[in-house]
Amino acid sequence: MKATQQNLYNHVQFLTELRPYRNYRNLQSLQRVRDYIIREFQSYGLPTEEQTWVARGNEYANVIGVYNAHKSRRLIVGAHYDVCGDQPGADDNASAVAGLLETARMVAATQPDLDYRIDFVAYSLEEPPFYSTKDMGSYVHAKSLHDKKADVIGLINYEMIGYFSDEPHSQPYPSPALAKMYPHTANFIVVVGKNPTALTALKKIDDLTGLHTVKERIHELQKFNAINQLKKKKGIATPNVTMHLVFTGNPGTGKTTVARILGEVYHSIGLLDSGQTIMVNALDLLAKYVGQTAPKVEETFNHALGGVLFIDEA
């Protein structure tokens, strides 16, 4: 079953022609969008509900349409329907709302036999000044799922899917590294995900007390090396950068802990084979007799291959 172009056009037209603009200040416009999405979900035969909360004294709502409501495991498919400031928001994010509605329609029409439910969620308050706060619609929704221990198997979030061009070099990039990795004709959709293993390791770093500069540096290293690993897989040349690090600080400031977690981070992005951390001090590398130190050092290095060798109090 294919998406219907006219449906997509109609959804985008309604959202972009709505006045006043559907930002957080214009509650009447946001209500009209909610009513529109509810009517669409219900016309597909999907059970529909509103999830409301109060921010700055006003009520806002997510709209949720459910397929396979009797199943316990669930996949979330979402898109936000508010805009930033006074603009029509054709790409950001009317195009994604149109994609969300058309996906819901096709799923409801084809009735796939799934062992999980799909929650189609239209979020509000995803733009400033609520972006990255607990008043974001996506935060409110995610917290509600967490609080009731919902069995969520994943999330697909539609964002700015409307830009399209067949013209060569119509897709610019903010980074030369990205420009080497992705197409230059803007006729594609990118699927962006996160490495759960890397996220788990990075959370261990973030949960440490203090060390703000160290945390920022670890995140930068993770991103830099993850991009380089992707480039290598595509046969793109990468800079030859040393991975050796020096940890400085007084005893008890977390140097060993950070080194162990860094091994996990590098392993999660494929930079290290094992991610193990071998801990030694200077005395562990010295032999008792002349001529035995070099073999001992070589043995220690070989043992640490594929992981991190941490030389403490060197």
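Just a few scattered comments:
Yes/no per residue for (1) touching a strand residue (DSSP E or B) at 6+ places or on another chain (Cβ under 9 Å); (2) assigned to a helix (DSSP H, G or I):
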{"site": "Leu221", "(1), (2)": "no, yes"}
{"site": "Lys288", "(1), (2)": "no, no"}
{"site": "Glu298", "(1), (2)": "no, yes"}
{"site": "His303", "(1), (2)": "yes, yes"}
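- Residues of the stretch 61-98 that turn out to be closer than 17 Å to His11 by Cβ, among the charged types (D, E, K, R) and part of a loop (DSSP other than H, G, I, E, B), as a count: 1
- Identity of the residue in the stretch 12-21, without any contact (Cβ under 8 Å) to a residue 60 or more places away in the chain and not in a loop (DSSP other than H, G, I, E, B), that ends up surrounded by the fewest Cβ atoms within 10 Å (Cβ to Cβ): Gln13
- The test for being assigned to a strand (DSSP E or B), at pLDDT 95 or above, aromatic (Phe, Trp, Tyr) and over 30 Å from His184 (Cα atoms) does not hold for Tyr139.
- Across the stretch 54-65, a minimum of one residue is classified as surrounded by fewer than 18 Cβ atoms within 10 Å (Cβ to Cβ) and of a type in the set (Lys, Arg).
- Restricted to the stretch 178-198, and to residues there that are under 13 Å from the mean Cα position of the chain (by Cα) and assigned to a loop (DSSP other than H, G, I, E, B), the residue that is farthest from Ser95 (Cα to Cα) is Asn195.
- From the list Tyr24, Tyr9, the lone residue that is assigned to a loop (DSSP other than H, G, I, E, B) and more than 26 Å from Leu114 (Cβ to Cβ) is Tyr24.
- Of all residues in the stretch 217-246 being in contact (Cβ under 8 Å) with a residue 24 or more places away in the chain and touching a Phe, Trp or Tyr at 6+ places or on another chain (Cβ under 9 Å), the one that is surrounded by the most Cβ atoms within 10 Å (Cβ to Cβ): Gln222
- Meets criteria (small (Gly, Ala, Ser), loosely packed, with under 13 Cβ neighbours inside 10 Å and modelled with pLDDT of 80 or more) for Ser165: yes
- Condition met for Ala109 (closer than 22 Å to Asn68 by Cα, in the same structural domain as Arg34 (by TED's automatic domain parsing), touching a residue at least 60 places away in the same chain (Cβ under 8 Å) and in contact with a Phe, Trp or Tyr (Cβ under 9 Å, 6 or more places away or on another chain)): yes
- Verdict on Ser175 being within 21 Å of the chain's Cα centre (by Cα), of a type in the set (Ser, Thr, Tyr) and farther than 26 Å from Arg32 by Cβ: yes
- Whichever residue in the stretch 234-251 is out of contact with any helix residue (DSSP H, G or I) (no Cβ under 9 Å at 6 or more places or on another chain) and under 21 Å from Glu216 (Cβ atoms) and, among such residues, is modelled with the highest pLDDT: Val246
The values are calculated or read from the model by the stated rules, or taken from the named source; none is laboratory data. Because the structure is a prediction, the values reported are computed rather than measured. Cβ sites come from the backbone with ideal geometry, for glycine too, and all protein chains shown count toward neighbours.
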